[in-house]
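Worksheet: the structure to be examined is printed underneath.
The values are calculated or read from the model by the stated rules, or taken from the named source; none is laboratory data. Given the structure is predicted, the values throughout are model-derived calculations rather than measurements. With ideal geometry, Cβ positions are generated from the backbone for all residues, glycine too; neighbour counts draw on all protein chains shown.
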């Protein structure tokens, strides 16, 4: 009988796979994903092809295609050609969201490179984002699966709603933990869920398996974003590929600051000053970091991420042991321990 393993138990039983070991399980399939990208780009006009190649070659870790591939192999134990095609679809959709996010945020840097909106302008970039969305959905239609299309359309709608919700709360220092977690689910976690669920669908998973993988993806996605909330303060610009404490500079309160203000509302005027100035001219970044460290807000946020990572591993308890289950169990641990 399959059993639930906590993150600590996975490590204690020497079941943690390294990122290299995880990606080695799907190395050939990821090459296939890259080839799918190439097919789509080759059919585009020269200017579109040049910009899309720039975006897809910008150093992404291909986490989302990896989730599709590993989920499908967990279910059936073999390479599923549709999983390779859908892995490419999910990476295109992810790239589209990043392009649109950078336009909205007026970002200058993405993954350590000049953002598309700076390099080609917002008008061209928004159209490239649209092209990526439409190309991804065109590819999905070829799978002739209503379940896949339903999953993708629901995910996209929720992500757009999440972006609108976040924009409505820009500069609002009274955002609640519940509101922030709703943004996290919609903007990040629902795509993780869709990746794992689509991996199950293309492998003809049972309803129970599909539901378990969807739960795994959602919880892992929430953990991923909550760790991002922490890293936004404690990492470096080189590792993040964007300025440190960028969320606060853009007027967004994330979980560490929400926790800080729950216990110490006296810091609210200083944080509002940063959001109004869109920078740290009057209040230093170092001071903000000291506050959230001193009052335990960073550790509390990381513990919340750990709780969701544990939920992700629990969801896989219905599957028998395999190298693919071991890989998926290892991912939440690396999510909460990553430093970039």
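Restricting the search to the stretch 231-262, which residues are over 17 Å from residue 169 (Cα atoms), assigned to a helix (DSSP H, G or I) and modelled with pLDDT under 95?
Selection gives 231, 232, 233, 234, 237, 238, 239, 240.
Please indicate, with yes or no, whether at least one residue in the stretch 47-64 is under 14 Å from residue 196 (Cα atoms) and either in a helix (DSSP H, G or I) or over 17 Å from the mean Cα position of the chain (by Cα) (or both).
The answer is yes; a qualifying residue exists.
So which residues in the stretch 263-287 are touching a helix residue (DSSP H, G or I) at 6+ places or on another chain (Cβ under 8 Å), more than 23 Å from residue 302 (Cα to Cα) and not in a loop (DSSP other than H, G, I, E, B)?
270, 274, 275, listed by residue number.
From 121, 112, which residue is modelled with pLDDT under 90 and over 26 Å from residue 319 (Cα atoms)?
112
Where residues in the stretch 65-79 are crowded, with 19+ Cβ neighbours inside 10 Å and more than 13 Å from the chain's Cα centre (by Cα), which of them is farthest from residue 322 (Cα to Cα)?
68
Here is a check on your reading of the model: is residue 183 more than 19 Å from residue 219 (Cα to Cα) and crowded, with 19+ Cβ neighbours inside 10 Å?
For residue 183, the condition - more than 19 Å from residue 219 (Cα to Cα) and crowded, with 19+ Cβ neighbours inside 10 Å - is not met.
Could you pull out the residue among 290, 304 that is in a helix (DSSP H, G or I) and loosely packed, with under 14 Cβ neighbours inside 10 Å? Explain how you work it out, then say what you get.
Details: 304 fails: loosely packed, with under 14 Cβ neighbours inside 10 Å.
Just a single option satisfies the conditions, and that option is 290.
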